[in-house]
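Heads up: the structure comes next, in structure tokens.
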Amino acid sequence: MTRTVAQIATTLQDLLTTTAAQAGRDSGFVQRTSKLDGARLAQIITFTLLATPTPSLSDYTQTAAACGLAISPQGLDQRLTTTAAACLKQVLEAAMQTVVAVHPVALPLLRRFPGGVFIQDSTTIALPASYADL
């Protein structure tokens, strides 16, 4: 299935708003009304990493400000917990399901490899050492 830029934009917008907000609630990242919900977290992380491959907390807070959220580097650091990681994992899983759903033609081909298909990528995203086990 070929998708237009408008369709891809709509899909990404839904992923980074509605889907991410629900992931924030489902993961426990959002426990009460807050300006930093699952959607904003996903947007801040995604947009920062697109602009800066090895960002600092200040880079994230600058992106947060561009997204309408004033937060200090320390404040953001305190929110980057295991529940934040679980929220982002749910958003990534939803994104991957969307990609597979968009290209169902590849599924029969992939099923020919019962041991799995492994894709390697040289992208590096630095996480705090406390998340090494995740």
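Laboratory data are not the source of any read-out in this text; all were calculated from the coordinates shown. No experiment lies behind these values; they were computed from the predicted model shown. Please note: Cβ atoms are built from the backbone with ideal geometry, for glycine as well, and neighbour counts cover all protein chains shown.
Below are the figures for this structure:
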quantity	calculated
Sites matching trypsin sites (Lys or Arg not before Pro) across the range 28-65 that sit in DSSP coil, with at most 16 neighbouring C-beta atoms within 10 Å	Arg32, Lys35
Label-to-label distance, nm, for residues given as Ala129 and Ala9 (7 Å Cα→Cβ offset)	4.5
CD proxy at 222 nm, helix term only [per DSSP H run n ≥ 4: -39500 (n - 2.57); per residue of the chain; nearest 500]	-17000 deg cm²/dmol
Base-10 log of normalised Debye intensity for the range 1-75 (one unit scatterer per alpha-carbon) at q = 0.11, 0.12, 0.14, 0.16 Å⁻¹	-0.32, -0.37, -0.50, -0.63
Total formal charge among the other residues, if their Cβ is under 15 angstrom from that of Ser130, Lys/Arg +1 and Asp/Glu -1	-1
Cβ-derived FRET efficiency at R0 35 Å, Asp26 paired with Val117, nearest 0.05	0.80
The chain: DSSP helices with Cα axial extent of at least 24 Å and average Kyte-Doolittle hydropathy no lower than -0.5	82-102
